[in-house]
Amino acid sequence: MSRHVIARVAEIPPGARKLVTVRGRPIAVFNLGGEFFGLLNRCPHEGGPMCEGVLTGLIEADTPGAYRFTRQGEVLRCPWHGWEFDIRTGQSWCDPAHVGLRAYKVEVAPGAAVAKGPYVAETIPVTLEDDYVVVEV
């Protein structure tokens, strides 16, 4: 596994999300009260864009008629067909034994540690020919 810097903490405030692409994978990163979680941005049902889904919670009841709303903002609903997933784990609420979103480990690292590495910058050869800058890809 490789690590990739994707944003400053301030760029994803609590309750917000950010869609990033890392090594060709679309990953939705969520900030739940200062904790960060990453999920594949593709619903396992029909590929819906999970980053566009509604954040909701759970309705629970110990007895009939005694409902309470819990885990507010921790359940992600697919915008296409309403399948729901736990943001913290990627677990499905409709079929937890068989369906889930791929979860990615996300962490907050201090700037000094990030600047130190072990990240390797991708370099691209650039040459100057007359009045044009040419990039080799």
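Structural remarks
- Filter result for VAL114 (surrounded by 10 or more Cβ atoms within 10 Å (Cβ to Cβ), more than 19 Å from ARG25 (Cα to Cα), modelled with pLDDT under 70 and hydrophobic (A, V, I, L, M, F, W, C)): yes
- Neighbours by Cβ (under 8 Å, 6+ apart or cross-chain): first from the range 19-36, within 21 Å of CYS78 (Cα to Cα); second of a type in the set (Asp, Glu) and crowded, with 17+ Cβ neighbours inside 10 Å: LEU32/GLU74
- Among the residues of the range 17-37, the one identified as surrounded by 12 or more Cβ atoms within 10 Å (Cβ to Cβ) and of a type in the set (Gly, Ala, Ser) is ALA28.
- Condition check for PRO44: surrounded by fewer than 19 Cβ atoms within 10 Å (Cβ to Cβ) and either out of contact with any helix residue (DSSP H, G or I) (no Cβ under 6 Å at 6 or more places or on another chain) or at pLDDT 90 or above (or both): no
Yes/no matrix, rows are residues, columns are (1) within 12 Å of the chain's Cα centre (by Cα); (2) outside any strand (DSSP E or B):
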residue: ALA7; (1), (2): yes, yes
residue: PRO14; (1), (2): no, yes
residue: ASN31; (1), (2): yes, no
residue: GLY38; (1), (2): yes, no
residue: ARG42; (1), (2): yes, yes
residue: THR63; (1), (2): no, yes
residue: THR70; (1), (2): no, no
residue: GLY73; (1), (2): no, no
residue: THR89; (1), (2): yes, yes
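- Boolean, ALA16 is in contact with a strand residue (DSSP E or B) (Cβ under 9 Å, 6 or more places away or on another chain) and hydrophobic (A, V, I, L, M, F, W, C): yes
- Selected residue (criterion: farthest from GLY48 (Cα to Cα)) from residues of the range 98-107 that are loosely packed, with under 10 Cβ neighbours inside 10 Å and touching a residue at least 12 places away in the same chain (Cβ under 8 Å): GLU107
- Condition met for ILE87 (modelled with pLDDT under 90 and hydrophobic (A, V, I, L, M, F, W, C)): no
The values are calculated or read from the model by the stated rules, or taken from the named source; none is laboratory data. Worth saying up front: this structure is predicted, and the values here are computed from it rather than measured. Positions of Cβ are backbone-derived with ideal geometry, glycine not excepted, and every protein chain shown enters the neighbour counts.
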